[in-house]
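J.: Please see the structure below; I have some questions.
The values are calculated or read from the model by the stated rules, or taken from the named source; none is laboratory data. Small disclaimer: the values here were computed from a predicted structure and weren't measured. Glycine gets a Cβ as well: all are built from the backbone with ideal geometry, and neighbour counts include every protein chain shown. These accessible areas exclude ligands, DNA and RNA; they are computed on the full protein's heavy atoms, side chains included. Shrake-Rupley method; radii C 1.70, N 1.55, O 1.52, S 1.80 Å.
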Amino acid sequence: MSQIFNRFPEFIREFIYSHGWESLRGIQVAAAECIFQTEDNLLLTSSTASGKTEAAFFPILSELCENPPATVGVLYIAPLKSLINDQFYRIEELLVESGIPVTHWHGDVAQSHKKKLLEKPRGILQITPESLESMLINRSNDIIRLFGDLRFVVIDEIHTLTGSDRGNQILCQLARIGRLIGYHPRRVGLSATIGDPEKAAAWLGAGSGRQTFIPETEMGKIRWRLGMEHFYIQNAKTEQSKEPKEQTDAPASPIAYDAGYSFMYDCVSDRKSLVFSNSREETEYLCATFRQIAKNRGEKDVFLIHHGNLSASIREEAELKMKDEDEMAVTCATVTMELGIDIGRLERILQNQSPNSVTAFLQRLGRSGRRGQPPEMMMVFREEDPLPNTPLPQLIPWELLKAIAIVQLYIEERFIEPPNMRKLPFSLLFHQTLSVLASSGELTLRRLAERVLALPPFANVPKEDYKELVLSMLNQDFLEMTEEKTLIVGLAGERLLRSFKFYAVFKDSEDYTVRCGSDEIGTITTPPPVGDRFALAGRVWEVEELDIRHKLIYVKSVEGKMEVSWPGDYGEVHTRIVERMKQVLAEDTVYPYLKPNAQKRLEIARHVARNTGMIKHSLVHLGGYSWCLFPWLGTRSFRAMRRMISQMSGRFRISGIEYEGCYFITFKMQSGNDYELITALAKAAEEGALTGERLVSGSEAPVFEKYDDYIPPSLLRHAYATDKLDVSEAIQRVFEIEEEF
């Protein structure tokens, strides 16, 4: 350790002394040894607030100071603008002492700031994938001058990127930069939560020609303060309507009857807290509810909001107030606050309903408990009070079960979901074909195919599929063939490239900007008519004027609370979580983090599960022609199972197939019985009739990603069968269900 410490320049040693560090952490020593003594890539995966940023940048800054690069020396790529604005906050003084300049580059950064880097490219460039894409297209002739002596590429929060189009876009960009400058700089990946480090390391190093080193990190003892509580909606039962602290002089209000919201308010109203929900809709409604409760009680409104559809100024206000140790603030947030923005000491995390993954749970929990304190989270669940005739599957508190399963999987196994790697990312392939051609001017079909298919994310794309895509792009005018038989960007392609939205590979909507006077509030998808009201930024607005042409909505603030909706996908659930949910129902374990209401709700659910036989029998008769299948599968294999049931609809006269999440499938079956259906599915699987390609009908064109509308339907079906269905896992479950009879 002393050898590594002495290898650091004096300003880093002074930084360590001044912060009272008695020793370097194991991950910091291992990272320094890798960077100083090898030419390998590096993957740093350890818990939040474990010093990953310092572990990466102590040796990187040392290398840059000893041998200053002639161009930008470090490219730091992050998935969020807020990470770029904030990530070096802790080591700002270190960067000042080093004399190495740091440049932010994203859509909110002034051109004058960017111009300085273009005139004299050096130091560290912090950038989003979208801004890097713009640079590759519009400044292709500048790439060597900007990055000709690039030493390191640091990719932050890589668990959000592995396997996604956005992450694969970064791999394409690094491969393109490497081709232009003649070598591949070393890559450093950072994340607190990686389920399969080997798979993530392979992704990080793809196309670099380098090994990727993963330092071993000790799995410390779990120290959490964790609680879960459950409430029925609009239930005034005395045992659920009591609030955690007495409100003797609070005025009577209808809001007080929702014990769940009152409980959540009291959990955070006097603590520096983050409140997470799984969607922007829930985040908006919860923030507005908290503000309404504060007003009814005559208490100070300390509630802020943070999500991707809000203006930069509103998001920055939340970030700054959360950092200010003298400011009491509670921020309602989505995934935008889940990542590593340093917002100082938080007292509590409140989770509305369950996160969808162990990864999200750990990321959110890790936002609190810094500076030696254990992280603290309260999860609160609200559901409708079941009626006597409520169908069986709706008697089960799926969100509560999911939360318990997530916590138990990590406690018992340290399980974290492995990354899902996509094999056929056709939307990204369309995007990169236009991007490469726009930056190159023109290419022959052969040169274009060689250049694009050589990019790491497209290693599994057959040449025949790419040829089909290129022909389709020619037919739709995205590409054009010249008289010399070379390809250039066509008129339709030029229209796409002219918009700054082209640089992003994630799906965006045609949003309308909302303004109140001179203040920008954020964006919504659908403009309401003049006089109507909608919710945004935790408040309600009335439309005063619409400017449809410029996509502007002018509003005034009004009292009240409303719901709002955005299109979106709430993520996938891993099969291990759903299997553990079944075990939660089957076992008698008393989990110490369950509060009284939650414990009672679980006891009721276990009683229902045992009495109905849904634990021992996956296919349960609900009476008459009605059946319910509990396949205990994750999202991708559940999709495949749904399609398998549909395949049998003609033979067994199956109709009315409905489902919720990936927990159950209900349907009417007028011919045959449970044994005959499962036996038929097992036989079809054995005969090879339940392949992914056969489960997707020839009339479908499954659209998920941004440019899927421009992809030939045959390729979309191929991609859906390959990347969105887990047929083998579903078939395995069919065989297991067959053994239940």
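J.: Determine which single condition MET581 fails, assuming it passes every other condition in (1) at pLDDT 95 or above; (2) within 29 Å of GLN432 (Cα to Cα); (3) under 29 Å from the mean Cα position of the chain (by Cα).
T.: Status for MET581: all satisfied but (2).
J.: Could you count how many residues in the range 143-164 are open to solvent by less than 40 Å² (accessible area, probe 1.4 Å), of a type outside the set (Val, Ile, Thr) and closer than 16 Å to PRO69 by Cβ?
T.: The total comes to 5.
J.: Another one. Within the range 157-184, how many residues turn out to be basic (Lys, Arg) and within 19 Å of PHE704 (Cβ to Cβ)? Break it down into steps so the answer makes sense when it comes.
T.: At the first step, the residues of the range 157-184 found to be basic (Lys, Arg) are 166, 176, 179.
Among the residues that remain, those that are also within 19 Å of PHE704 (Cβ to Cβ) are: 166.
Counting residues in the range 157-184 that are basic (Lys, Arg) and within 19 Å of PHE704 (Cβ to Cβ) gives 1.
J.: Out of SER646, SER618, SER637, I need the residue that is open to solvent by less than 60 Å² (accessible area, probe 1.4 Å), without any contact (Cβ under 8 Å) to a residue 40 or more places away in the chain and of a type in the set (S, T, N, Q). Which one? Step through it out loud before you land on a result.
T.: Numbers: SER618 fails: without any contact (Cβ under 8 Å) to a residue 40 or more places away in the chain; SER637 fails: without any contact (Cβ under 8 Å) to a residue 40 or more places away in the chain.
Just one listed residue meets the conditions, SER646.
J.: Give the residue that is most open to solvent (accessible area, probe 1.4 Å), with candidates limited to residues of the range 370-396 that are of a type in the set (Asp, Glu) and under 30 Å from TRP627 (Cβ atoms).
T.: For the range 370-396, the residue satisfying everything is GLU384.
J.: Cβ contacts < 7 Å: first residue closer than 20 Å to ASP165 by Cα and at pLDDT below 95, restricted to the range 67-87; second residue among the acidic types (Asp, Glu) and open to solvent by 20 Å² or more (accessible area, probe 1.4 Å), any location; separation 6+ or different chain. Result?
T.: LYS81/ASP108
J.: If you don't mind, there's one more thing I want to ask. Going by what's in this entry, would ARG367 be described as of a type in the set (Lys, Arg) and open to solvent by 10 Å² or more (accessible area, probe 1.4 Å)?
T.: Working: of a type in the set (Lys, Arg): yes; open to solvent by 10 Å² or more (accessible area, probe 1.4 Å): no.
In short, no.
J.: Within the range 92-129, how many residues turn out to be in contact with a Lys or Arg (Cβ under 9 Å, 6 or more places away or on another chain) and among the charged types (D, E, K, R)?
T.: 1
J.: Here's another thing I want to ask about it. Suppose we keep only residues that are assigned to a helix (DSSP H, G or I), touching a residue at least 24 places away in the same chain (Cβ under 8 Å) and touching a Phe, Trp or Tyr at 6+ places or on another chain (Cβ under 8 Å) within the range 1-17. Which one would you say is farthest from PRO215 (Cα to Cα)?
T.: Kept after step one, since they are assigned to a helix (DSSP H, G or I), are these residues of the range 1-17: 2-7, 10-17.
If we keep only those that are touching a residue at least 24 places away in the same chain (Cβ under 8 Å) as well, we get 4, 7, 11-12, 14-15.
Right, trim to touching a Phe, Trp or Tyr at 6+ places or on another chain (Cβ under 8 Å) and you get 4, 7, 12.
Numbers: ILE4: 15, ARG7: 19, ILE12: 22 Å.
If we take residues in the range 1-17 being assigned to a helix (DSSP H, G or I), touching a residue at least 24 places away in the same chain (Cβ under 8 Å) and touching a Phe, Trp or Tyr at 6+ places or on another chain (Cβ under 8 Å), then ILE12 is farthest from PRO215 (Cα to Cα).
J.: Of the residues that sit in the range 208-226 and are touching an Asp or Glu at 6+ places or on another chain (Cβ under 9 Å) and surrounded by 17 or more Cβ atoms within 10 Å (Cβ to Cβ), which one is modelled with the lowest pLDDT?
T.: Quick first cut of the range 208-226, residues touching an Asp or Glu at 6+ places or on another chain (Cβ under 9 Å) only: 210-215, 224-226.
Restricting the remaining residues to those that are surrounded by 17 or more Cβ atoms within 10 Å (Cβ to Cβ) gives 210, 212-215, 226.
On the way: ARG210: 96, THR212: 97, PHE213: 96, ILE214: 94, PRO215: 91, LEU226: 96.
My answer is PRO215.
J.: Go through the range 18-51 residue by residue and tally those that are touching a residue at least 40 places away in the same chain (Cβ under 8 Å) and open to solvent by 30 Å² or more (accessible area, probe 1.4 Å).
T.: So the answer is 7.
J.: Let me ask you something else. Does the range 447-454 contain any residue that is open to solvent by 70 Å² or more (accessible area, probe 1.4 Å) and not basic (Lys, Arg)? Reasoning before the result, please.
T.: The first filter runs over the range 447-454 and keeps only residues open to solvent by 70 Å² or more (accessible area, probe 1.4 Å), leaving 447, 450, 454.
Now restrict to residues that are not basic (Lys, Arg): 450, 454.
The answer is yes, given that some residue of the range 447-454 is open to solvent by 70 Å² or more (accessible area, probe 1.4 Å) and not basic (Lys, Arg).
J.: Determine the pairs where a residue that is within 26 Å of ASN420 (Cα to Cα) and touching a residue at least 24 places away in the same chain (Cβ under 8 Å), located within the range 347-370, has a partner that is open to solvent by 10 Å² or more (accessible area, probe 1.4 Å) and aromatic (Phe, Trp, Tyr) with Cβ atoms under 9 Å apart, the partner being 6 or more residues away or on another chain.
T.: Close Cβ pairs (under 9 Å, with a partner that is open to solvent by 10 Å² or more (accessible area, probe 1.4 Å) and aromatic (Phe, Trp, Tyr)) amount to SER354/TRP398; ASN356/TYR570; VAL358/TYR410; VAL358/PHE415; PHE361/TYR410; LEU362/TYR410; LEU365/TRP224.
J.: Kindly establish whether GLU133 is within 22 Å of the chain's Cα centre (by Cα) and either modelled with pLDDT of 90 or more or surrounded by fewer than 16 Cβ atoms within 10 Å (Cβ to Cβ) (or both).
T.: Yes.
J.: Identify all residues within the range 459-471 that are in contact (Cβ under 8 Å) with a residue 60 or more places away in the chain, open to solvent by less than 30 Å² (accessible area, probe 1.4 Å) and over 15 Å from LEU434 (Cβ atoms); write none if there are none.
T.: Across the range 459-471, the qualifying residue is only ASP465.
Results for (1) touching a His at 6+ places or on another chain (Cβ under 7 Å); (2) open to solvent by less than 30 Å² (accessible area, probe 1.4 Å); (3) part of a loop (DSSP other than H, G, I, E, B); (4) under 30 Å from TYR663 (Cβ atoms), shown as yes or no for each residue.
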residue	(1), (2), (3), (4)
TYR554	no, no, no, no
VAL564	no, yes, yes, yes
GLU572	no, no, yes, yes
ARG580	no, yes, no, yes
VAL584	no, yes, no, yes
ASP588	no, no, yes, yes
ALA598	yes, yes, no, yes
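J.: Keeping to the range 370-396, report how many residues are assigned to a loop (DSSP other than H, G, I, E, B) and either β-branched (Val, Ile, Thr) or touching a strand residue (DSSP E or B) at 6+ places or on another chain (Cβ under 6 Å) (or both).
T.: 4
J.: Please count how many residues of the range 618-648 are in a helix (DSSP H, G or I) and over 21 Å from GLY692 (Cα atoms). Give the steps one after another, and end with the answer.
T.: Our first condition is that a residue be in a helix (DSSP H, G or I); within the range 618-648, this holds for 635-647.
Filter once more, so that each one left must be over 21 Å from GLY692 (Cα atoms): none.
So the answer is 0.
J.: Let me ask another. Looking at the range 500-543, which of its residues are among the aromatic types (Phe, Trp, Tyr), in contact with a strand residue (DSSP E or B) (Cβ under 8 Å, 6 or more places away or on another chain) and within 25 Å of SER131 (Cβ to Cβ)?
T.: Taking the range 500-543 first, the residues among the aromatic types (Phe, Trp, Tyr) are 500, 502-503, 506, 512, 534, 541.
Checking which are in contact with a strand residue (DSSP E or B) (Cβ under 8 Å, 6 or more places away or on another chain) leaves us with 512, 534, 541.
Answer for the range 500-543, where residues must be among the aromatic types (Phe, Trp, Tyr), in contact with a strand residue (DSSP E or B) (Cβ under 8 Å, 6 or more places away or on another chain) and within 25 Å of SER131 (Cβ to Cβ): just TYR512.
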